[in-house]
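Here's the structure we're looking at; comments come further down.
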Amino acid sequence: MKLTFFGVGYVGLVSGVCLADLGNEVTLVGRNEVKIEDLKKGIVPIYEPGLDKLIKKNRENLHFTTNSASAIKASEVLFVAVGTPSNKDGSCDLSQVEDVSKIIAQHIDKPKVIVIKSTVPVGSDEMIRKIIKSKYKGDFSIASNPEFLREGSAISDFMKPDRVVIGTEDEWSKKVLDKIYRAQKVPIIHTDIRSAQLIKYASNAFLATKITFINEMANFAEKVGGNIEKIAEGMGYDKRIGSEFLKAGIGYGGSCFPKDVKELIFAGKSHNSPFHVLQAVDEVNNKQKIKPVEKLEKMMNLKDKTVGVIGLSFKPNTDDIRDASSIDILFALLKKGAKIKTWDPIAEQRMQTIFPKIEYCPTPYEALAKVDAAIIVTEWDETIKLDLKKVKKLMKKPVIIDGRNCLDKETALKLGFKYQGIGR
Ligand code: UGA
């Protein structure tokens, strides 16, 4: 089929490229000319393992453009996959969705299916419908098809999803979307549009809650004894609970969980149906992010001490630092008067825009040389494989706060480190 995607961020680019790989002809529309020219040359603006190769493989089926008019005319199905970040009050900023709707309204010339892939609050489809109807008097259909891919494993998540959710209100769009996803042979959940939109929010908010629950349990285990990894393992064998997303640490970050939890809290309040659980989740998560700094403070006065911060991205295999715990940790350390040395294999450049003055090192070992303490923020492969013997020799004082429970605690203790993880 001929498909057009508005948005070349994680969701738009990965979904578009994967659907091209599944045999469709896909046009991807972006606003930024430099980005689009780069994509035409095979230069990928985001770090996502395997994406560059998949783009090269599907060169024939993929078109990148800033020309919305021709892209709209070229396809029967228009996917809206632009960003929906948070406003200051926690609500969802729909301005990019609005802009795309206005562009579609201007150029649509015959019946098309408009598929909302961006995460949008319930009822946003009505806003889109209204905008298009204000200019275009013909037929068109709106559907919701939320995306569940994770950064860092986006291609396999898209290609082998647990389910595909299709929210429609007419047979035509249902048939069109079924045809697109049929090739994947995975469970397809058909719903109305509102339920589809809420499945996305409910899934992200539930996973954020699961992480937050295990983090609070970890904090409790620290007080009363017990090892959170064993506790999570014991819980995870229960099929009703499941073992995934039970890794305790320094809170969830990224461009999705924090903003989606905040939007649900906002929407709950506006509809007089408050999400008390999610309010607590948001609050607990914000505190959890700076746990390592609190732990260090109990061990030393941080003023004029140098702390090595290992990892900056919100999780491994991405250079994304949006809402990353590292940002809260760096701010908290600077506030306490500490000096910072840090390392991340790919997120350094992005972090420099927020913290231009801290010291960025090319290797984790250099970031740990002559420091008074280390904080492990991201469980990169290089982090997990750190040679602790070497680290011990390099550090001024052997103090490690392992925010991701990713180092071998026994080895660290045997080597004489003052080691603290999260709940173990
Ligand atoms: C998340 C969802 O997992 C995807 O299904 C969804 O499509 C995406 O949001 C989105 O809405 O676009 P993502 O933000 O890429 O994906 O990352 P996750 O792998 O879910 O991790 C989110 C955060 O939770 C990270 O900071 C990670 O370190 C943390 N986490 C995850 C934990 O602290 N413990 C865990 O057990 C799992």
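Laboratory data are not the source of any read-out in this text; all were calculated from the coordinates shown. These figures come from a predicted structure and were not determined experimentally. Here the Cβ is made from the backbone with ideal geometry for all residues, glycine too, and neighbour counts use every protein chain on show.
Data for the structure
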{"item": "Table column - 3J(HN,Hα) (Hz), segment 358-367, Karplus curve with 6.51, -1.76, 1.60, x for Gly and Pro", "result": "7, 8, 9, 10, x, 9, x, 5, 5, 5"}
{"item": "Segment 369-405-segment 1-79 distance, computed between alpha-carbon centres (Å)", "result": "40"}
{"item": "GNM result for the chain, Cα springs below 10 Å: residue of Q288, Q197, Q184 fluctuating most strongly", "result": "Q184"}
{"item": "Cβ charges +1 (Lys, Arg) and -1 (Asp, Glu), total dipole of the chain, debye", "result": "780"}
{"item": "Relative packing of peptides 97-104, 220-227, 233-240 - highest average C-beta neighbours within 10 Å first", "result": "97-104, 220-227, 233-240"}
{"item": "Between segment 262-329 and segment 156-217, the Cα center-to-center distance that results, in Å", "result": "27"}
{"item": "In segment 341-424, GluC sites (Glu not before Pro) in a DSSP loop with at most 11 other beta-carbon atoms within 10 Å", "result": "none"}
{"item": "Between helix 276-289 and the chain: long-axis angle, C-alpha atoms, 0 to 90°, nearest 10", "result": "50"}
{"item": "Cα point-scatterer Debye curve for segment 284-424, base-10 log of I(q)/I(0) at q = 0.12, 0.16, 0.17, 0.18 Å⁻¹", "result": "-0.40, -0.74, -0.85, -0.97"}
{"item": "Ascending count of other beta-carbon atoms within 10 Å, so fewest first, for S134, S195", "result": "S134, S195"}
{"item": "Under Karplus coefficients 6.51, -1.76 and 1.60, residue-wise ³J(HN,Hα) of segment 68-78 in Hz, glycine/proline x", "result": "5, 4, 5, 5, 5, 5, 6, 10, 8, 10, 10"}
{"item": "Convex hull of Cα atoms in segment 255-334, direction-averaged projection (nm²)", "result": "6.4"}
{"item": "Global geometry of segment 145-205, whether rounded, prolate or oblate, following the gyration tensor of its Cα atoms and the 1.5 cut on a/c", "result": "oblate"}
{"item": "Dipole moment magnitude, nearest 20 debye, segment 8-87 about Cα centre, only Lys, Arg, Asp, Glu C-beta charged", "result": "120"}
{"item": "Net charge dipole size for segment 76-171 [Lys, Arg +1 and Asp, Glu -1 on Cβ; Debye, nearest 20]", "result": "240"}
{"item": "D_trans [Stokes-Einstein, Kirkwood Rh over alpha-carbon pairs] for the chain, 25 °C, 0.890 mPa s, µm² s⁻¹", "result": "106"}
{"item": "From phi via Karplus (6.51, -1.76, 1.60), per-residue ³J(HN,Hα) for segment 122-127 in Hz, x at Gly/Pro", "result": "3, x, 5, 4, 5, 4"}
{"item": "Gyration tensor verdict on segment 1-112 (Cα atoms; rounded if a/c is under 1.5, prolate if a/b is larger than b/c, oblate otherwise)", "result": "oblate"}
{"item": "Top of D89, D260, D178 by mean-square fluctuation, Gaussian network on the chain, Cα under 10 Å", "result": "D89"}
{"item": "Amide H contacts of V399 (H built 1.01 Å from N, under 5 Å, at least 5 apart or other chain)", "result": "A374, K418"}
{"item": "Loop trypsin sites (Lys or Arg not before Pro), segment 10-71, which have at most 13 other Cβ atoms in a 10 Å radius of their Cβ (DSSP)", "result": "K41"}
{"item": "Global form of segment 178-314, assessed from the alpha-carbon gyration tensor, a/c cut-off 1.5", "result": "prolate"}
{"item": "GNM top mover of K305, K289, K259 - the chain, alpha-carbon springs below 10 Å", "result": "K305"}
{"item": "Signed unit charges on C-beta, dipole axis of the chain, positive-most listed residue G234, C18, P362", "result": "P362"}
